[in-house]
Amino acid sequence: MEAAAEAPGGPAALSCFSYNQDCTSLAIGTTTGYRLFSLSSVEQLDQVHESNEIPDVYIVERLFSSSLVVVVSHAKPQQMNVYHFKKGTEICNYSYSSNILSIRLNRQRLIVCLEESIYIHNIKDMKLLKTILDTPPNTTGLCALSINHANSYLAYPGSATSGEIALYDGNTLKTACTIAAHDGPLAALTFNSTGSKLASASEKGTVIRVFSIPGGQKLYEFRRGMKRYVNISSLVFSMDSQFLCASSNTETVHIFKLEHLTDSRPEEPPTWSGYMGKMFQAATNYLPAQVSGMMNQDRAFATVRLNISGQRNICALSTIQKLPRLLVTTSDGHLYIYNLDPQDGGECVLIQKHSLLGSGKMEENKENDLQPPLPQSYAATVARQSTVPSTSTMPGYSEDGGALRGEVIPEHEFATGPVCLDDENEFPPIILCRGGQPGKAKRS
């Protein structure tokens, strides 16, 4: 859940932004460094950390609510730096043979995606476990990692010309399956929180599909629109997997509800519209598969019309102060927070706007920031560096064992000792979920 921004120049122009795995934190990269924010409140945006040690940051990823953060800079685009930001120390750094395009994290694995290869690290000690070589050209670094470390599924494009998804098991380090998801090349991939579902969109951006994992069966198909092709910039599930949000380079954000209608649902009242609906559904049984599939596709449950168009943005569906919210971060350096009515959907209501490049204080809503008032349900109304490195090298492991291909992990540096994820004094506890107890990871 990250985006590279194309923002106007300035002393701290926004260059990238990403939510953490459970959407409780927001990280931004700037020309002067990076910042981390807590997303626990609607009214106030709390800055957790700011670093100006590395300029021109274009990738910054935080591991849940821990102190582990991964940073990549334009100054050294082939080097990944892993920090304990509360201590101000570097855990390790790795250098690779080409530019790093994306980073993905969970409590078990750290994934580094290059244009034609993917590196899989064990996050507890940062050792390289596997190198997936000769992947199809992936110029955007598109990949997704399940945040559920019990399976650690990894998805990435299996073809540069078609919408084939390669599914890889990051725990067993074996290929799970391939999914023929779309006709055209892929543009977006995301897992739900348990790693049991995978959503995808192609470069056309008109259809979003959801597949079961690890089987790869198609579960849902949503139509974002038909009038024009768009660039999907963000695709994300809610933590409870009930909703799926998609944003693009247009002004509309779509939220789909994942639900199956069954024949056991209550009988509709005998109205003309109900009668026509049944006739319409029955007619699809006699039409060609392509036509009936188009007619049966579900449309958006809820939408947001942004006051901007053409800017990069990323979205998140989160529960803040016990209510469902839609978060939209834009490349001009703003965070928008909307209320989402989980019962009736419809147009989401903008309730707060924050500046990410200012002091961190909220911006009062102005008349031109708010959408025209719309009829709302009751539910919607209520939802109102001191480092001691030791240099070493280790052989990498590729599909054929590494040595046969001459794969050697590039130069890197380790801090003394492994990363102690289960030592609260060394590494602050990772929050399992909102309101949960500190998690304990078994020492490996």
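The values are calculated or read from the model by the stated rules, or taken from the named source; none is laboratory data. Everything numeric here is computed off the predicted structure, so don't read it as measured data. Cβ atoms come from the backbone with ideal geometry, glycine included; neighbour counts cover every protein chain shown. Keep in mind that these areas ignore ligands, DNA and RNA; they rest on the heavy atoms of the full protein, side chains included. Shrake-Rupley method; radii C 1.70, N 1.55, O 1.52, S 1.80 Å.
A few remarks follow.
- Residues of the range 80-89 satisfying the condition of being open to solvent by 20 Å² or more (accessible area, probe 1.4 Å), part of a loop (DSSP other than H, G, I, E, B) and under 20 Å from residue 55 (Cβ atoms): 88
- Within the range 150-167, if we keep just the residues that are among the polar types (S, T, N, Q) and within 18 Å of the chain's Cα centre (by Cα), the residue that is surrounded by the fewest Cβ atoms within 10 Å (Cβ to Cβ) turns out to be 151.
- Within the range 125-135, restricting attention to residues that are part of a loop (DSSP other than H, G, I, E, B) and open to solvent by less than 30 Å² (accessible area, probe 1.4 Å), the residue that is modelled with the highest pLDDT is 135.
- Restricting the range 90-115 to residues that are among the hydrophobic types (A, V, I, L, M, F, W, C) and not in a strand (DSSP E or B), the residue that is nearest to the chain's Cα centre (by Cα): 101
- Scanning the range 374-397 for any residue that is surrounded by 17 or more Cβ atoms within 10 Å (Cβ to Cβ), outside any loop (DSSP other than H, G, I, E, B) and either modelled with pLDDT of 50 or more or touching a Gly at 6+ places or on another chain (Cβ under 9 Å) (or both) turns up at least one such residue.
- Picking from residues in the range 168-206 that are among the charged types (D, E, K, R) and within 25 Å of residue 119 (Cβ to Cβ), the one that is surrounded by the most Cβ atoms within 10 Å (Cβ to Cβ) is 169.
- Only residues that are within 12 Å of residue 104 (Cα to Cα) and of a type outside the set (A, V, I, L, M) were counted in the range 134-147, giving 3.
- In the range 38-55 there is no residue matching the filter, namely being in contact with a His (Cβ under 7 Å, 6 or more places away or on another chain), open to solvent by 30 Å² or more (accessible area, probe 1.4 Å) and closer than 28 Å to residue 318 by Cβ.
- Within the range 203-223, being under 16 Å from residue 254 (Cα atoms) and in contact with an Asp or Glu (Cβ under 8 Å, 6 or more places away or on another chain) holds for 207, 208, 209, 210, 220, 221, 222, 223.
- Filter result for residue 319 (open to solvent by 40 Å² or more (accessible area, probe 1.4 Å) and either touching a Cys at 6+ places or on another chain (Cβ under 9 Å) or not in a loop (DSSP other than H, G, I, E, B) (or both)): yes
- Across the range 91-102, the number of residues qualifying as out of contact with any His (no Cβ under 9 Å at 6 or more places or on another chain) and surrounded by fewer than 23 Cβ atoms within 10 Å (Cβ to Cβ) comes to 5.
- Applying the criterion of being polar (S, T, N, Q) and open to solvent by 90 Å² or more (accessible area, probe 1.4 Å) to the residues of the range 215-271, the residue that is modelled with the lowest pLDDT is 264.
- Hits in the range 105-124 - residues which are among the charged types (D, E, K, R) and open to solvent by less than 40 Å² (accessible area, probe 1.4 Å): 107, 109, 124
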